[in-house]
1. Can you pull out the residues in the stretch 283-304 that are under 17 Å from G319 (Cβ atoms) and either over 29 Å from the mean Cα position of the chain (by Cα) or in a loop (DSSP other than H, G, I, E, B) (or both)?
2. Which count do you get for residues in the stretch 272-286 that are out of contact with any helix residue (DSSP H, G or I) (no Cβ under 8 Å at 6 or more places or on another chain), of a type in the set (A, V, I, L, M, F, W, C) and either at pLDDT below 95 or crowded, with 17+ Cβ neighbours inside 10 Å (or both)?
3. Within the stretch 68-82, is there a residue that is buried (at least 21 other Cβ atoms within 10 Å of the Cβ), part of a helix (DSSP H, G or I) and in contact with a Gly (Cβ under 8 Å, 6 or more places away or on another chain)?
4. Could we say that E389 is at pLDDT 95 or above and within 30 Å of E27 (Cα to Cα) here?
5. May I ask you to list the residues in the stretch 180-212 that are of a type outside the set (V, I, T), in a loop (DSSP other than H, G, I, E, B) and open to solvent by 60 Å² or more (accessible area, probe 1.4 Å)?
6. When you check E45 against the structure, is it over 27 Å from the mean Cα position of the chain (by Cα), in contact (Cβ under 8 Å) with a residue 40 or more places away in the chain and surrounded by fewer than 17 Cβ atoms within 10 Å (Cβ to Cβ), yes or no?
7. Can you name every residue in the stretch 463-510 that is modelled with pLDDT of 85 or more and either aromatic (F, W, Y) or in contact with a Gly (Cβ under 8 Å, 6 or more places away or on another chain) (or both)?
8. Could you please find all residues in the stretch 447-461 being open to solvent by less than 40 Å² (accessible area, probe 1.4 Å) and touching a residue at least 40 places away in the same chain (Cβ under 8 Å)?
Amino acid sequence: MNTDFRNRIYLLLIFFLVSSFAVNSQELYKKYNGDDDLHDKIVAEVGPLKITAEEFFYSYEFGPAFIKKENGSKQKHLKYLVNEKLIALAGYDEELLNDEKVSSVLSDFVADLATEEMYKEKILSKIKIDEAAVDTILESKLVEIELKWLFSNDMAGIKKFYSDLQTGASFDSLFDMQLNDSVFSDMRSMKTTAYSLRKNNSLLMQIIDTLKAGNYSAPIHVNNEWYIIKLSNLTKSMITNQTEFDKLNYEAEQAVLKSSMDTASDQYIDSLMRSEYLIIKKDAFELLRAYMGKYVLEKSLFEKWELEDNIDSALSNLGLARGEKYPGIKLVNGTNVSYDFDQFINWYRNRNLYIKFNKNNLGAFTKSLENLVWRFTRDKLLTGQASGEGFFNREWVKTQSKWWRDKIVYSAMKNKLAESILLENDEIKTADDSNTANEMLAFELIKKMHRTIEMSKQKNKIKINDDVFDKINVTTGSDLREVDLYTAKTGGLIPRPPYPTIDNEWANWE
């Protein structure tokens, strides 16, 4: 079976990537539903599982867009959420939470929730928006910049361009000489704002800051390529109405908030890691590099870099031999903490679909793995800090953990159904074309999921409390900017949506 198809099956367990960190999103419910006692009232009972007003609200708000475009979207969303609870109950009956992979994913999600609470209390609560910085960004969003550049692969070419300019040649004429059937004008020019340029290429913006409109730079060397940049035009737009001002001001505030959060977060993590005097154990890392290389490198690269040879020497230095079990190999040591080889493997397994290694050469691969070990260490330190300070016991963490537990067991059950289809259906297993295999799997999965739902309904009574459900206020399309506010922070412990919600595939599963 091809690798893409295998990855698709595994994705059924991991969901989809929205690298968001919910910032103060608990307040979103209160914004639209007030401070009454509705939040913990039961909207629906699905056997022993209970869907509260708050769980439904967040599932709906962060749910797929397709359902919000339909009439009766609230009712349809609840229907699909109930379906997922029914499948989750089948997963509980199968004792899927006892599966080490499933329980490991849940543990990582709960740790992320706890560290999120710690982040909000220790960092976010202390951040104040600098109005002067907002004004500066607002101004830079109004400054429009037009650039053109001359390009050469070598120094001789760029020197020729510069010499021609110095002796009176027109920049625009030299610019036009670059263009041909494969090089178009927009490949050598750009229109942007000062804000966007400073954000995306601060070094280039520093050069532009030294130029007047109509002037060009000295030759610039970047990544073995050469450029001469001309600031063709610089203009300032005018704000024409209050709506436009509010939009730009909001964007500027969010930019300042994100920058402040990132800076404060980096300082907190840096202080935490420095206090532990952490080191990566050399022999354990050598073993890890060879172990990871077997899984993530092409065979030719693994053999070319002779990583196999490192295994025996690393094991010997650790007092171990091939074929033995290696529990408890210390990978990272600190003053008060230590983390094992096996802990890293479990951590990596839950994130591997979103991790890319630099395979340009052995040094680059080694460095990217080292950076990954430090990221793993950061996550473990933050988790330990959150645990030690009691954030795992916060009610909001416990509440969301229950929601995620149901979602993860549902997804694990769906994954089990998909795997059973592969085992039972030789046509899917042997399909050469991955698109054909995926279509066959999707069709068979729909049938199995609906059978599972019907069987679960026979065991579990469903009760909908319309009096609670009808009182839940949700946002409309025009309010989506409010949702953006609450998902502004990135960089949590594990890629996950801000809240569990229904699968987008329900659009095709009816």
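1. Listed by number, the list holds a single entry, D283.
2. Looking only at that region, the number is 0.
3. yes
4. yes
5. The answer is N180, D181, S182, F184, N201, D209, K212.
6. Details: over 27 Å from the mean Cα position of the chain (by Cα): yes; in contact (Cβ under 8 Å) with a residue 40 or more places away in the chain: yes; surrounded by fewer than 17 Cβ atoms within 10 Å (Cβ to Cβ): no.
No: the conditions fail for E45.
7. F469, Y499, T501, I502, W506
8. Result: M449, T452, I453, S456, N460.
The values are calculated or read from the model by the stated rules, or taken from the named source; none is laboratory data. Remember, it's a predicted structure, so these values are computed and weren't measured experimentally. Please note: Cβ atoms are built from the backbone with ideal geometry, for glycine as well, and neighbour counts cover all protein chains shown. Ligands, DNA and RNA are excluded from the accessible area calculation, which covers all protein heavy atoms including side chains. Shrake-Rupley method; radii C 1.70, N 1.55, O 1.52, S 1.80 Å.
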